[in-house]
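J.: Quick one: the structure is below, and I'll ask about it shortly.
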Ligand SMILES: [Zn+2]
């Protein structure tokens with residue numbers, strides 16, 4: 001599927017998440033009720049993948065690619081019936097077999113009343129929240145949130161806070177700012193001009209920091 005403008009940017013997030021081991025397409029599934037909010041071929045609602053991926057031969061023959069579940073399936077006497085719109089009738093043995101399989105997996109569908117609902121599959125309860133996504137991401141990339149910094153009462157609080165933030169790379173260094181998509185002219189240390197300006201560099205590895213530590217010691 002192609003997107004333009006802001007949607008292109010929003011959709012590009014998917015690739016970033018995939019790099020972190022989270023497949024957003026498979027993280028949601030539609031729970032069909034009346035079937036009027038769910039696209040029959042394009043949304044994931046029956047099985048782990050969209051039907052156009054499961055049945056590419058039949059999808060090629062579909063006239064209305066964006067059709068809804070309610071366009072294709074109806075309840076008749078308690079049974080589910082298919083209403084198809086093919087560009088030509090499925091005729092090869094492969095197509096007929098696939099159509100049989102499609103009808104088979106649709107037999108378990110029960111259309112009812114009420115809005116179709118998107119379900120978040122990666123965490124309980126199955127309701128999407130940023131907190132839940134963060135939890136999943138932390139699990140995937142192995143972030144452990146139980147690190148405790150040793151709090152030194154001999155120094156002013158602001159010094160402790162600075163050390164704590166430096167340890168987490170949460171200071172407004174050029175490196176951190178660039179990571180948060182803030183436009184900085186350069187990420188290189190403005191003092192030595194050699195390495196990227198991270199918290200570690202400012203306080204430890206920068207030649208200026210090392211000279212300062214030497215004078216102190
Ligand atoms: Zn430096």
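The values are calculated or read from the model by the stated rules, or taken from the named source; none is laboratory data. Bear in mind that the values here come from a model prediction, so they are computed numbers and not experimental data. Virtual Cβ from ideal backbone geometry, glycine too; neighbours counted across all protein chains shown.
J.: Condition (residue is within 11 Å of the ligand (Cβ to nearest atom), closer than 23 Å to residue 149 by Cβ and surrounded by fewer than 16 Cβ atoms within 10 Å (Cβ to Cβ)) applied to the range 204-217: is it met by at least one residue?
T.: yes
J.: Looking at 104, 58, can you tell me which residue is at pLDDT 95 or above and in the same structural domain as residue 40 (by TED's automatic domain parsing)? Steps first, please.
T.: On the way: 104 fails: at pLDDT 95 or above.
After applying the criteria, what remains is 58.
J.: Moving on. Mind listing whichever residues of the range 108-132 are free of Cβ contacts under 8 Å to residues at least 40 places away in the same chain, over 18 Å from residue 43 (Cα atoms) and in contact with a strand residue (DSSP E or B) (Cβ under 9 Å, 6 or more places away or on another chain)?
T.: Selection gives 129, 132.
J.: Now, a different point. For a quick check of your reading: which strands (runs of 3 or more DSSP E) sit entirely within the range 1-101 and have at least 2 residues that are closer than 30 Å to residue 128 by Cα?
T.: Working: elements: 28-31, 73-76, 79-82.
By residue number, 28-31, 73-76.
J.: Only one of (1) at negative phi; (2) surrounded by 15 or more Cβ atoms within 10 Å (Cβ to Cβ) fails for residue 7. Which number is that?
T.: All conditions pass for residue 7, except number (2).
J.: For the range 194-212, which residues satisfy the criterion of being more than 37 Å from the chain's Cα centre (by Cα) and over 17 Å from residue 162 (Cα atoms)? Can you show your working first?
T.: Narrowing the range 194-212 to residues more than 37 Å from the chain's Cα centre (by Cα): 206-212.
Hits for the range 194-212 are 206, 207, 208, 210, 211, 212.
J.: Which count do you get for residues in the range 85-104 that are within 17 Å of residue 44 (Cα to Cα) and in contact with a helix residue (DSSP H, G or I) (Cβ under 8 Å, 6 or more places away or on another chain)?
T.: Residues flagged as within 17 Å of residue 44 (Cα to Cα) and in contact with a helix residue (DSSP H, G or I) (Cβ under 8 Å, 6 or more places away or on another chain) within the range 85-104 amount to 1.
J.: May I pose another question? Of the residues 148, 155, only one is away from the ligand (no atom under 16 Å from the Cβ), part of a loop (DSSP other than H, G, I, E, B) and in contact with a helix residue (DSSP H, G or I) (Cβ under 9 Å, 6 or more places away or on another chain); which? Lay out the reasoning, then the answer.
T.: Numbers: 148 fails: in contact with a helix residue (DSSP H, G or I) (Cβ under 9 Å, 6 or more places away or on another chain).
None of the others qualify; the one that does is 155.
J.: Just to be sure I understand the filter: pairs with C-beta atoms under 8 Å, separated by 6 or more residues or on different chains, first member in the range 185-210 and farther than 13 Å from residue 173 by Cβ, second member more than 9 Å from the ligand (Cβ to nearest atom). Which pairs pass?
T.: Pairs that qualify, where the first residue is farther than 13 Å from residue 173 by Cβ and the partner is more than 9 Å from the ligand (Cβ to nearest atom), are 210/204.
J.: Given the criterion modelled with pLDDT under 85 and on the phi < 0 side of the Ramachandran plot, identify the matching residue among 171, 133, 122, 137. Give the steps one after another, and end with the answer.
T.: Numbers: 171 fails: modelled with pLDDT under 85; 133 fails: modelled with pLDDT under 85; 122 fails: modelled with pLDDT under 85.
Answer to the check: 137.
J.: Continuing with this model, one more query. Applying the selection to the range 158-169, what residues are closer than 24 Å to residue 207 by Cβ and not in a helix (DSSP H, G or I)? Steps first, please.
T.: Applying the first criterion (closer than 24 Å to residue 207 by Cβ) to the range 158-169 yields 159, 162-163, 165-167, 169.
The one that is closer than 24 Å to residue 207 by Cβ and not in a helix (DSSP H, G or I): 169.
J.: Can you name the residue in the range 183-203 that is more than 10 Å from the ligand (Cβ to nearest atom) and part of a helix (DSSP H, G or I) and, of all such residues, is farthest from residue 13 (Cα to Cα)?
T.: 203
J.: Here are some residues: 160, 180. Which one is more than 16 Å from the ligand (Cβ to nearest atom) and surrounded by fewer than 13 Cβ atoms within 10 Å (Cβ to Cβ)? Steps first, answer last, please.
T.: Values: 160 fails: surrounded by fewer than 13 Cβ atoms within 10 Å (Cβ to Cβ).
Sole residue among the options that is more than 16 Å from the ligand (Cβ to nearest atom) and surrounded by fewer than 13 Cβ atoms within 10 Å (Cβ to Cβ): 180.
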